[in-house]
Amino acid sequence: MPYPECLFTTPPTCVKGVMVCQNRTCRKQGAARVIAAFQATAIDQVVVLPSGCLGQCGNGPMVRVVPDEVWYARVHPDEVPAVIERHLLGGRPIVAMLYRKFHSRSHANPNHNESGDESR
Ligand code: FES
């Protein structure tokens, strides 16, 4: 899945892309409400895009943040404001929401706060 073009313009017109899978399995798991929740808030320098299958069916709705390559699994619309606030605006991915297949605890950024405020 290619990165959003806005990352590569000169100068770049975005700094991050949020790709929300809208393929069949993720849609059955509520992906349309997840992307709607992201799109409800304008985030400076961040583009939110629907994506095709991200190859992780059954773990959705899947959300991939690029170029960070942070993947969130089983995202609920109610969790989106926290992703926006902490990750997209604050620069701290939410460890408790990470897709464990790609992000093990040992690989989590040591700067992440895994205390109570990271819970889902
Ligand atoms: S349908 Fe979303 S990852 Fe495959």
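Miscellaneous remarks
- Built amide H within the under 5 Å cut-off of VAL48, gap 5+: VAL18
- Relative contact order for the chain, counting Cα pairs under 8 Å that sit 6 or more residues apart, in percent: 23
- Net charge, THR13 excluded, C-beta distance under 15 Å - Lys, Arg +1, Asp, Glu -1: -1
- Förster radius 25 Å - calculated FRET efficiency between GLU85 and THR13, Cβ distance, rounded to 0.05: 0.65
- Per residue, the chain reaches -3000 deg cm²/dmol at 222 nm when only DSSP H runs of four or more residues are counted, each adding -39500 (n - 2.57).
- Gain on full stretching of the segment that runs from SER104 to ARG33 - 0.36 nm per residue minus C-alpha separation: 22.9 nm
Each reported figure results from applying straightforward, stated rules to the coordinates on display, with no laboratory input. Please read all numbers here as calculations on a predicted model, not as lab measurements. Heads up, the Cβs are rebuilt from the backbone with ideal geometry, glycines too, and the neighbour counts pull from every protein chain shown.
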